[in-house]
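One structure is given here, and the rest of the page talks about it.
Any read-out appearing in this document is the output of simple, stated calculations on the displayed coordinates, not a laboratory observation. Given the structure is predicted, the values throughout are model-derived calculations rather than measurements. Please note: Cβ atoms are built from the backbone with ideal geometry, for glycine as well, and neighbour counts cover all protein chains shown.
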Amino acid sequence: MENQFNEGQTLVSPSLLMEYWYCPRFIYFMEVLKIRQYEEKRLKVLIGREVHEKKALQPEYLRKKLGVVKQERNIYLSAPGLGICGIVDEILYFADGSMASLDYKFAFNKYKFKTQFLQNVLYAMLIESHYHVPVGACYIVYTREKNEPVRYAITAKAKEAVMASIKEVNRIVREGFYPGATPDRKKCGDCTYRRVCV
Ligand code: SF4
């Protein structure tokens, strides 16, 4: 994939992308106008993190279930060439030399969101860039259901979708571009920014 960004720039994180995917205008209000969101939302994130700590899968389970030979937790990676950074919950190493991300979501499998997968596509891109190993899959554990990993293939199309989103986030942050509203207007009802959002 062609490098598009330069050293010294602000790198796009998974949390920023998740905000963008929820509604592009969040990025404008947060990063351009610097208006903070309500703290309740942050609290939900913190609760999610606490669940991660409690429900992390054990090395022995991953060895037997997936053939994992080594795992690392909470690894910060950056790829300035792609304009991205992030902390990967877990990085899995396999005997054939391949690698994958493992992510924990406080959610039910049947109510999973595409954006949770796309977040892991970003992790795959970070791992590939840092370790120079192709990453063909990621795993997500939906902790409100069975505590077992679900495998997803990392496709070129998904990577392109993530890169397109990163480009749009940068356009908003760097150029002050005011993006369109989310098409899902149900989200506007309890939105922090509904009073300032035109
Ligand atoms: S009010 Fe709706 S369109 Fe505006 S920022 Fe909130 S969710 Fe997005």
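Counting the residues of the stretch 178-191 that are assigned to a loop (DSSP other than H, G, I, E, B) and near the ligand (Cβ under 7 Å from one of its atoms) gives 3.
Inside the stretch 8-27, residues that are more than 12 Å from the ligand (Cβ to nearest atom) and not polar (S, T, N, Q) make up a count of 7. Scanning the stretch 125-150 for residues that are more than 16 Å from the chain's Cα centre (by Cα) and closer than 19 Å to Ala95 by Cβ returns Tyr131, His132, Val133, Pro134, Gly136, Pro149.
Scan Arg151, Arg194 and give me the residue that is of a type in the set (Lys, Arg) and either farther than 30 Å from Lys70 by Cβ or part of a helix (DSSP H, G or I) (or both).
Details: Arg151 fails: either farther than 30 Å from Lys70 by Cβ or part of a helix (DSSP H, G or I) (or both).
Sole residue among the options that is of a type in the set (Lys, Arg) and either farther than 30 Å from Lys70 by Cβ or part of a helix (DSSP H, G or I) (or both): Arg194.
What number of residues within the stretch 167-198 satisfy the criterion of being closer than 18 Å to Gly83 by Cβ and touching a Cys at 6+ places or on another chain (Cβ under 9 Å)? Residues that pass the stated criteria total 1.
Got a sec? Which of Leu118, Leu82 is surrounded by 23 or more Cβ atoms within 10 Å (Cβ to Cβ) and closer than 17 Å to Ile166 by Cβ?
Values: Leu118 fails: surrounded by 23 or more Cβ atoms within 10 Å (Cβ to Cβ).
Result: Leu82 is the single residue among Leu118, Leu82 that is surrounded by 23 or more Cβ atoms within 10 Å (Cβ to Cβ) and closer than 17 Å to Ile166 by Cβ.
For every residue, the table says whether it meets (1) over 19 Å from Leu17 (Cβ atoms); (2) among the acidic types (Asp, Glu).
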site	(1), (2)
Gly86	no, no
Asp89	no, yes
Ser101	no, no
Leu122	no, no
Ile127	no, no
Ala137	yes, no
Glu148	yes, yes
Tyr152	no, no
Lys157	no, no
